[in-house]
Amino acid sequence: MAVDGSNMAHAVIETAVKERTRLQTGRSRATTLVVLVLLAGLGLFLALVVGKADPTTPPDCDGKTMARSDECRIWSNHGGGGTFGYDEMIDRRESGKGVWQVVGFVGTGLSVVLMGVAITKLDPKRPWGKPVEAVCPRCHQPTLREKLTVHTISRGRTNYRYSGIVTLCTPVCGFTGVRQR
Ligand SMILES: [Zn+2]
């Protein structure tokens, strides 16, 4: 399918207009915060539930709960096999959990930091784009703002990216323009 240049210019402008609407209605911020809250929750789950230290529960050997006097024989092609006592099996179980605590707490911390960034950067009161010096050619007001915008189209496995600096006037005026970087 041939790609028409003016259609693409139009698509990039449409993307910018949608982005401005999502920003100003607060929908961008709401969606981002929901995702980040879920990620923070997942992090806490990994750190506190999956990674919870549990040194007293009896260990399993091949699906069966071990008694103090049992030994567990583990066959492994990758090393780490052998015969292990009750306490050694507890150590094996517990030693893997530290990783989940680190992953979980780091994930939660990052999510909280990103929430702070999203709250300020995606504030609906924050205007879209940067102000332009020139006045609008249609309404002659100094209300133009511009922003580099990327429009992506997927065809099969290939992603086509079209980018340009989009200039928008107020929705009331409706002037739009796009130029190459
Ligand atoms: Zn205008």
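The values are calculated or read from the model by the stated rules, or taken from the named source; none is laboratory data. Fair warning: this is a prediction, and the values are worked out from it, not measured in the lab. Backbone-built Cβ (ideal geometry, glycine too); neighbour counts: all protein chains shown. Remember, those area values only see protein heavy atoms, side chains included, never the ligands or the DNA or RNA. Shrake-Rupley method; radii C 1.70, N 1.55, O 1.52, S 1.80 Å.
Remarks
- Accessible surface, 1.4 Å probe, highest first, among residues His151, His78, His140: His78, His140, His151
- The Cβ shell under 12 Å around Glu94 holds other residues with a net charge of 0, Lys and Arg each +1, Asp and Glu each -1.
- For the range 71-153, radius of gyration divided by Kirkwood radius, i.e. Rg to Rh on alpha-carbons: 1.48
- By accessible area with a 1.4 Å probe, ligands and nucleic acids excluded, highest first: order of Asp87, Asp62, Asp54: Asp62, Asp87, Asp54
- A straight Cα-to-Cα reach below 16 Å connects Lys121 with the lysines Lys130, Lys147, residues fewer than 8 places away in its own chain not being considered.
- Using only the C-alpha atoms, the convex hull of the chain corresponds to 191 Å³ per residue.
- Nearest-ten-degree value, helix 5-24 long axis tilted from longest Cα axis of the chain: 70 degrees
- Overall, the accessible surface of the range 87-132 at a probe of 1.4 angstrom is composed of carbon and sulfur to the extent of 70 percent.
- Dipole of the range 66-181 [Lys/Arg +1, Asp/Glu -1 at C-beta], most positive-end residue of Pro171, Gly98, Thr108: Pro171
- GNM remark for the chain: springs join alpha carbons under 10 Å apart, and the peak mean-square fluctuation among Val135, Val37, Val17 falls on Val135.
- Acute angle (nearest 10 degrees) that the helix 97-121 long axis makes with the longest principal axis of the chain, alpha-carbon atoms: 20 degrees
- Computed [θ] at 222 nm, helices only, for the chain once each DSSP H run of length n ≥ 4 contributes -39500 (n - 2.57): -14000 deg cm²/dmol
- The range 1-93: projected area of the alpha-carbon convex hull, averaged over directions, in nm²: 12.8 nm²
- Here's how it looks for Leu144: its modeled amide H is under 5 Å from those of Val132, Cys136, which are all 5 or more places away or on a different chain.
- The range 44-181, accessible area per residue, ligands and nucleic acids excluded (1.4 Å, Å²): 70 Å²
- Cα centroid separation, the range 9-30 to the range 145-181 (Å): 10 Å
- Angle between the chain longest axis and helix 86-95 axis [Cα atoms, degrees, rounded to 10]: 10 degrees
- Taking all protein chains as they are arranged and a probe of 1.4 Å, the heavy atoms of Phe105 leave approximately 110 Å² accessible to solvent.
- A simple count of charges around Glu19, restricted to other residues whose Cβ falls under 11 Å of its Cβ and scoring Lys, Arg +1 and Asp, Glu -1, yields +4.
- Volume of the Cα convex hull of the range 15-57, divided per residue and given in Å³: 52 Å³
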